[in-house]
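To start, the structure under review is shown below, and the notes come after it.
The values are calculated or read from the model by the stated rules, or taken from the named source; none is laboratory data. Because the structure is a prediction, the values reported are computed rather than measured. Cβ placement follows ideal geometry from the backbone for every residue including glycine, while neighbour counts extend to all protein chains displayed. These accessible areas exclude ligands, DNA and RNA; they are computed on the full protein's heavy atoms, side chains included. Shrake-Rupley method; radii C 1.70, N 1.55, O 1.52, S 1.80 Å.
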Amino acid sequence: MNNNVTEQTIQHQPSMFCFQCQEASKGTGCTLIGVCGKPHDVANLQDLLIYLLKGISFLSLDVRLPEVLEQRVSLFIMDSLFATITNANFDREIFVGKIRESFALRGEVRGYYNEQFPDQAASLPDAAVWEADTEAAFDEKARTVGVLSTRNEDIRSLRELITYGLKGMAAYTYHALHLERDDNELNRFMRRALAATLDDSLEMQDLIALTMETGKYGVNAMAMLDEANTSVYGNPEITKVNIGVRNRPGILISGHDLKDLEELLKQTEGTGVDVYTHSEMLPAHYYPAFKKYEHFVGNYGNAWWKQTSEFAAFNGPILMTTNCIVPPKDSYKERIYTTGNTGFPGVRHIPEGADGAPKDFSALIEQAKQCPAPTELETGEIIGGFAHAAVMNVADQIVDAVKTGAIRRFFVMAGCDGRMKSRNYYTDFAAELPKDTVILTAGCAKYKYNKLDLGEIGGIPRVLDAGQCNDSYSLVVIAMKLKEVFELEDINELPISYNIAWYEQKAVIVLLALLYLGVKNIHLGPTLPAFLSPNVAKVLVENFGIGGITNVEDDMKMFLGA
Ligand code: SF4
Ligand code: SF3
């Protein structure tokens, strides 16, 4: 089903090994430098950081810690997992710093562990005790603790599947924490799952059960973020978003963090500087709280991977609040800023405000004032905001359309966009779908078809965008509601097909969440994950009907049973 890492690869000692995203080199893994541009030393240091997180997790599982330390551990794990997501942080210094920080934190936790479990102090796993001073020693150790250190390919596959799910989950809990939402049970699960990936006594079945549990907590993480976003910023509303430009200078904001957007909008108000969204920040326009800002102009450009040309054309400063940042071109390197967990060497970083004060975006605002207005890429509007509350408001209309046969089937086409040409499949698939079908989407995958004129069915647009990738939660809520309305026993009896595009680890947690909720027959593309071993893929096929994609014509027949 896919190519797997062979013993031979292991013996050749690649200078790095990463296969966490869909663009893994040759469909097996990046071994010299990431296709994403991640240098091998950074990839290895990320592995070492994950290894140390496992050690901290092991130590903190059963131990009683003072509450403040408990919280610091949770925050450090969440923050560090998130920093290792694809296209989040390319900065070696950040990872060296986090590795040093992990020694200090782990030392504190180990103090309590040794006190409370003195008999076990001598038999701690290496991840709980290994330590060094120099960066050279970090680099050396880092090469030995990554993905390939697990020799059994099925155990490796499941350990990584769980770890990538946790990375995605951490991104969502991090954004929720920014809005003061936290869930201790969820934080403790992350530690339990990380520690379990060190446990050689666990077999395939144990790790499959843990994978499902990861999906369960993934649902909780998305629900928590949904509650945070909607209670702080209101329920997304059906909204037409301008995709053109005005003639004033602007700041472009990308990523997923709505709190950063809120601060930027407040600080730019009345300055003569406009704010535009890029990629995954587009759905911010659907929230009532942001609509009141007259200078919040619209969405500029498309999905993350088009940033190298679109950021050059934007002409003003750009703020990256999360993934996906790609190595910046000289044409805009002086105008791009990172914040939160994003980072790139030589790119200015906006830190957290001191003592809980807001972040200071004045450097971007001052720079924007010196910049020309954005170059127009396109004009017009796109429509979105079909999150659960908005869809519930038009539920009668949708249910009627299904009952009368005006809507034959829904296609969930959520997930990620990416640069591979094979992803044009999704544009063609959307265009070819019969006119009595409706696409439900979330995440940056939408950019493959959200500017096609696919029309409406009785006033219901044929592409319903719920929001960011985490808003896949909304699609689940909608599906659950439809199941109730149609009085069905099983969510799989609904006229919904799943043709999902994935790229990075947030899509992994969305997938695990769907599996946990019992959704069957999900098709995943453009390729299945390189980290699924043939046996693990077989389990997913046999138990959940997971499949890949082929070509538009054959897949259309398969989905529609024609
Ligand atoms: Fe390769 Fe993806 Fe890993 Fe980057 S994140 S190194 S592209 S597998
Ligand atoms: Fe997109 Fe990176 Fe996955 Fe949030 S921004 S969905 S790829």
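Quick notes
- Residue within the range 468-483 that is more than 17 Å from GLU227 (Cα to Cα) and β-branched (Val, Ile, Thr) present: no
- Residues in the range 125-140 that are under 14 Å from GLN46 (Cα atoms) and over 28 Å from the mean Cα position of the chain (by Cα): GLU135, GLU140.
- Within the range 174-221, tally of residues that are open to solvent by 30 Å² or more (accessible area, probe 1.4 Å) and of a type in the set (S, T, N, Q): 4
- Matching residues in the range 264-280 - criterion: being open to solvent by less than 10 Å² (accessible area, probe 1.4 Å) and within 21 Å of ALA363 (Cα to Cα): LEU264, LEU265, THR268, VAL273, ASP274, VAL275, TYR276, THR277, HIS278
- Unique residue being away from ligand 2 (no atom under 16 Å from the Cβ) and over 18 Å from LYS292 (Cβ atoms) when the list is ASN247, ASN242: ASN247
- Reported count of residues in the range 526-562, each being in a helix (DSSP H, G or I) and out of contact with any Leu (no Cβ under 8 Å at 6 or more places or on another chain), is 15.
- Qualifying position, being part of a helix (DSSP H, G or I), away from ligand 2 (no atom under 16 Å from the Cβ) and of a type outside the set (Phe, Trp, Tyr), among ASP428, ASP453: ASP428
- Residue in the range 62-77 that is closer than 28 Å to PRO328 by Cα and open to solvent by 20 Å² or more (accessible area, probe 1.4 Å) present: no
- The single condition among (1) open to solvent by 20 Å² or more (accessible area, probe 1.4 Å); (2) away from ligand 2 (no atom under 16 Å from the Cβ); (3) of a type in the set (A, V, I, L, M, F, W, C) that ILE460 does not meet is (1).
- Total residues in the range 300-323, condition open to solvent by 10 Å² or more (accessible area, probe 1.4 Å) and closer than 24 Å to GLY168 by Cβ: 3
- Scanning the range 18-43 for residues that are under 20 Å from the mean Cα position of the chain (by Cα), in a loop (DSSP other than H, G, I, E, B) and either more than 16 Å from ligand 2 (Cβ to nearest atom) or of a type in the set (A, V, I, L, M) (or both) gives PHE19, ALA24, GLY29, VAL35.
- Breaking point among (1) surrounded by 24 or more Cβ atoms within 10 Å (Cβ to Cβ); (2) in contact with a strand residue (DSSP E or B) (Cβ under 9 Å, 6 or more places away or on another chain); (3) among the acidic types (Asp, Glu), for ASP555: (1)
- Residues being closer than 23 Å to GLY443 by Cα and part of a helix (DSSP H, G or I) - total across the range 145-185: 19
- Residue match in the range 481-491 (condition: open to solvent by 20 Å² or more (accessible area, probe 1.4 Å), away from ligand 1 (no atom under 16 Å from the Cβ), in a loop (DSSP other than H, G, I, E, B) and of a type in the set (A, V, I, L, M, F, W, C)): yes
- Search result, residues across the range 498-512 that are more than 15 Å from ligand 2 (Cβ to nearest atom) and open to solvent by 10 Å² or more (accessible area, probe 1.4 Å): TYR498
- Selection over the range 495-510 of residues that are in contact with a Leu (Cβ under 7 Å, 6 or more places away or on another chain) and away from ligand 1 (no atom under 16 Å from the Cβ) gives a count of 1.
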